[in-house]
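S.K.: This structure is in structure tokens; I'll ask about it shortly.
Here, each number is a calculation from the coordinates, and none is a lab measurement. Please read all numbers here as calculations on a predicted model, not as lab measurements. Here the Cβ positions follow ideal geometry from the backbone for every residue, glycine too, while neighbour counts run over all protein chains shown.
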Amino acid sequence: MRPPGFWWAPPSRPGPLPRLLAPLAALTARATARRVARPPALRPAVPVISVGNLTLGGTGKTPTAMALAEMLAAAGHRPAILLRGYGGRLAGPVSVDAARHRARDVGDEALLLAAFAPTFVARDRAAAAALAMEIAQPGCLILDDGHQNPALEKDLSLVVVDAAQGFGNGRCLPAGPLREPVPAGLARADLVLAVGPPDARAGFAAAWGGALAGLPVAEGRLEPLATGMPWGGLRVYAFAGIGRPEKFFATLRGLGAELAGTRALDDHQPLTGPLMARLLREAEAASAQLVTTEKDAVRLPAAYRARVLTLPVRLALETPGLLAARLAAAGLAID
């Protein structure tokens, strides 16, 4: 299910539907406030870095967690990653093994993150942390999608924002895309990371600068990983089941690929055999090569993995010093 368009309208032009849904939005805000007010179930013996957001949909949390894991590992801090494992059937706690687990077991994001650091999945994040401490003996924990999760006491709370969309219309679900009101969410943040091209980051700062007053804002962008694939002039049929598929399609165009067709799927949508057969027929009819995201690729049925190209992206930090300073304040110096 794609998010409704009115979620991303300017806050100054709310329209009739958000006003109609305002009572339900108030219930969402109260429910989140009660949840985050719970005392932490666990205080791990190592620093905990929370990577989260205020909105539904893709903001760049997974690339941010990947980049953090690489930075921390390079500095000798031995990170482990904890997450819910959305889309997976296992309640956990589970130590993710890419050789044994599939996306249907632990979720697509867990399989991606396991390539960067020991990764643990559980509906109960405190149980995941306890298993991580026992098995991996990490020097720090990265809590993916943890901003509204009170299970662990946090040493650094990082809020990731898609700069092109910001906080949408500024309203809570279902009247808007927010999990909680912007002032409440930012009050618990130590750092905001605005992800997007320069013009989008400038627009975000202009639209939401008042709400961000006094809070440091780091900047970054998602860049295609150089794999040697000659995308320029390649005729492709692109599909994506991520928070914002159009970002993936725009990245392909920016690389010079010729998009013969696109298919936007729901976030984490299962890539069943019948669905893949239909996509392959559509690509063949357009004389195009099927291509998808790295996150979607881990959900591909085995019979289709060799028939679909993958375009991975990574986070490039424009202001790495801001993040390094906050990590150092949490006891994790980055040389």
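S.K.: What order do you get for 80-87, 137-144 when each peptide is scored by the mean count of other beta carbon atoms within 10 Å, highest first?
M.R.: 80-87, 137-144
S.K.: How long is the chain along each principal axis, judged by its Cα atoms, biggest number first, in Å?
M.R.: Its Cα atoms span 56, 51, 37 Å along the three principal axes.
S.K.: Could you tell me the center-to-center distance, by alpha carbons, between region 124-156 and region 285-319 in angstrom?
M.R.: Here the answer is 29 Å between Cα centres.
S.K.: How charged is the neighbourhood of residue 269? Take every other residue with its Cβ under 15 Å from the Cβ of residue 269, and add Lys/Arg as +1 and Asp/Glu as -1. Spell out each step's value before the answer.
M.R.: Working: positive: 2, 104, 244, 263, 278, 295, 299; negative: 108, 109, 266, 267, 296.
Net of charged neighbours comes to +2.
S.K.: Would you list, by chain and number, the lysines whose Cα falls below 27 Å from the Cα of residue 247, excluding same-chain residues fewer than 8 positions away?
M.R.: Output for residue 247: 61, 295.
S.K.: Report the one residue of 27, 197, 103 whose Cα lies farthest in the direction of the positive end of the charge dipole of the chain (charges on C-beta: Lys and Arg +1, Asp and Glu -1; origin at the Cα centre).
M.R.: 27
S.K.: Between region 1-35 and region 173-212, what is the separation of their alpha carbon centroids in Å?
M.R.: Comparing the Cα centres of region 1-35 and region 173-212, I get a distance of 15 Å.
S.K.: Debye sum, Cα scatterers, region 235-311, no solvent: what log₁₀ I/I(0) at q = 0.13, 0.20 1/Å?
M.R.: The calculated log intensity ratios at q = 0.13, 0.20 Å⁻¹ are -0.32, -0.79.
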